[in-house]
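The values are calculated or read from the model by the stated rules, or taken from the named source; none is laboratory data. From a predicted model like this one, the values you see are computed outputs, not experimental measurements. As a convention, Cβ positions derive from the backbone with ideal geometry for all residues, glycine included, and neighbour counts pool all protein chains shown. For the accessible areas, the whole protein counts, side chains as well, though only heavy atoms, and no ligand, DNA or RNA atoms are used. Shrake-Rupley method; radii C 1.70, N 1.55, O 1.52, S 1.80 Å.
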Amino acid sequence: MVFQFPGVKFDLDIIKKYDTATPRYTSYPPATELNEAFTAKDFEEAISLSNHRKTPLSLYFHIPFCESACYYCGCNTVISNKKEIAIPYVQHLIKEIRQTASLIDSDRKVVQMHWGGGTPNYLNIHQIKQLWGNINQYFNFDVSSEVSIEIHPTYVDRDYILFLREIGFNRISFGIQDFNYQVQVAVNRVQPEETLFNVMGWIREAGFKSVNVDLIYGLPYQTLHGFWKTVKKTIQLDPDRIAVFNFAYVPWLKPLQKKLPVKELPQPQEKLEIFRLTIEELTANQYQFIGMDHFAKADDELAIAQSNGSLGRTFQGYTTHAETELFGFGSTSVSLLRDAYAQNHKKLKDYYQAVEAGVLPINKGYKLSWDDILRRDVIMSIMARGIVCFSDIESKYQINFNEYFSQELAVLKLLETDGLINLSTNQINVTQIGRLLVRNIAVIFDSRKTTQQNKFSRAI
């Protein structure tokens, strides 16, 4: 069975063949490699080396709180309708900002900032002003920086949206997941169509530069026809970017998912059909397929970044400004530096205790080897740009690509036979079908060939 995507025929049997569990490669090595042998002192040393590189900065702030639980969620959240729980969190977050900023050269420009969660709009306007003021006090923002925030559309009004734009956010994201009421009830996230269109109207009125919405396929009660309606309504909303995530049912990792009616999850064949239809509908309606699960209009920064080679990947997925180093703040946040990764404590009490002690609240991390950095470069080139130029890698790392990766290139020839790549003497080029299965291409260069498959979602 085949389907069309920008004029190219895709064999569903090939897609099924490669529909295996692999890392999403929002980092390499994957976050599963982080360990507690890496300490706050190690991170301080990594920051010092980072200062010598003088790379621009990306900042991420994690707001973990949600008023209600979405049963599909795989994020690190704290569920509570008692808003006072956020008061000490903001106070400790500000202390962490001061602690970390004191170690970072103040002349390094911030070109990106993102607030995620959880639900960042769990915070009231006063708390956002307080946090925003401290961030701007301790960090130096580029005048053209991208400043984004995730919101839960059920818990905002027009004034709140206008305030976010007025204070300085210029990009915004919210989750739809599915317009179907039965699906919404099953996943405990009921948000009427009218609410979603009203929120989008306020966002456009406020003048945000870019709007992203999230959809999820593979949820209970989803059908091909039902999700087609969701895609059509999403196109009517006219966002600049659309992320279409594959739902990973992993109740052994996320116990909340046990609340889902597992017998109503769509079968693998129907999931493939849903994804096929989604790609066809979106690409036929002015959205470019960026890769794996992201779509963007041609004039959006994400599409522009892909065309000029500045597209990258972090724990937020595809992102612009691949040249930055990312510092994460708040519980569970991850920092991604060139040669070290660090993650904060997950439990609030542990996070609070470290901050109060004046210690960077690092729970675990990973120091990258030279080989890790080399392989990350190759993997991210595959994931974000769909091409690896051997001579570029050779000149950067002083290696012979064909010799260093001789085993990987032998395996890639099998993927070439299945049409996932075109392999020449100096390049790897990902094909159209390979863009759907890009994780399966990238994993060839993963020296670990991970032994923790149960911690990763399936490719499709």
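Tabulated values for the structure
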quantity	calculated
Output for segment 318-353, where each listed residue is buried (at least 20 other Cβ atoms within 10 Å of the Cβ) and of a type in the set (Gly, Ala, Ser)	Gly328, Gly330, Ser331, Ser333, Ser335, Ala340, Ala342
So Asp299, is it under 21 Å from the mean Cα position of the chain (by Cα) and open to solvent by 50 Å² or more (accessible area, probe 1.4 Å)	yes
Segment 355-389, subset crowded, with 21+ Cβ neighbours inside 10 Å and among the hydroxyl-bearing types (Ser, Thr, Tyr), residue nearest to Leu336 (Cα to Cα)	Tyr366
Single residue of segment 95-110 satisfying the filter (of a type in the set (A, V, I, L, M, F, W, C) and open to solvent by less than 20 Å² (accessible area, probe 1.4 Å)) that is nearest to the chain's Cα centre (by Cα)	Val110
Scan of segment 282-333 for residues that are of a type in the set (S, T, N, Q), in contact with a strand residue (DSSP E or B) (Cβ under 7 Å, 6 or more places away or on another chain) and within 17 Å of Leu237 (Cα to Cα), ordered by number	Thr283, Gln286, Gln288
Unique match (being of a type outside the set (A, V, I, L, M, F, W, C), out of contact with any Gly (no Cβ under 8 Å at 6 or more places or on another chain), open to solvent by 20 Å² or more (accessible area, probe 1.4 Å) and on the phi < 0 side of the Ramachandran plot) among Glu150, Glu67	Glu67
The one condition in (1) assigned to a strand (DSSP E or B); (2) in contact with a Phe, Trp or Tyr (Cβ under 8 Å, 6 or more places away or on another chain); (3) of a type in the set (Val, Ile, Thr); (4) open to solvent by 10 Å² or more (accessible area, probe 1.4 Å) that Val143 fails to fulfil	(2)
Output for segment 416-439, where each listed residue is open to solvent by less than 50 Å² (accessible area, probe 1.4 Å) and more than 26 Å from the chain's Cα centre (by Cα)	Asp418, Gly419, Leu423
Flag if Val231 is touching a helix residue (DSSP H, G or I) at 6+ places or on another chain (Cβ under 8 Å), in a helix (DSSP H, G or I) and either at pLDDT 95 or above or open to solvent by 10 Å² or more (accessible area, probe 1.4 Å) (or both)	yes
Selection status of Pro56, open to solvent by 10 Å² or more (accessible area, probe 1.4 Å) and in contact with a strand residue (DSSP E or B) (Cβ under 6 Å, 6 or more places away or on another chain)	yes
